[in-house]
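The values are calculated or read from the model by the stated rules, or taken from the named source; none is laboratory data. Remember, predicted model here, so these are calculated numbers, not experimental data. As a convention, Cβ positions derive from the backbone with ideal geometry for all residues, glycine included, and neighbour counts pool all protein chains shown.
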Amino acid sequence: MEKKQYQLGDIVQMKKPHPCGTNEMEIIRLGMDIRIKCVGCKHSVLVPRAKFESKLKKVLRSASTEAAQSSEEL
Ligand SMILES: [Zn+2]
């Protein structure tokens, strides 16, 4: 099972799209809880990290592209 890597400012895709129809969320706070903001309607929600990871589908765009580049392709 792949380990999902995400960081502050990343645009992520969740398993379920937001009710507004957008399926892109920006990580605006990282901690024990994670705050994500819908790119479409700007609505933000606070979710526990475990819940966030279970609902996270994939990271669409990393805030730091250099850090995201790895010599090891998985
Ligand atoms: Zn939305």
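Just the residues that are within 14 Å of residue 10 (Cα to Cα), out of contact with any helix residue (DSSP H, G or I) (no Cβ under 9 Å at 6 or more places or on another chain) and not in a strand (DSSP E or B), please, taken from region 47-64.
Across region 47-64, the qualifying residues are 52, 53, 63, 64.
So residue 61 fits all but one of (1) modelled with pLDDT under 95; (2) over 12 Å from the mean Cα position of the chain (by Cα); (3) charged (D, E, K, R); what number is the exception?
Only one criterion is unmet by residue 61, namely (2).
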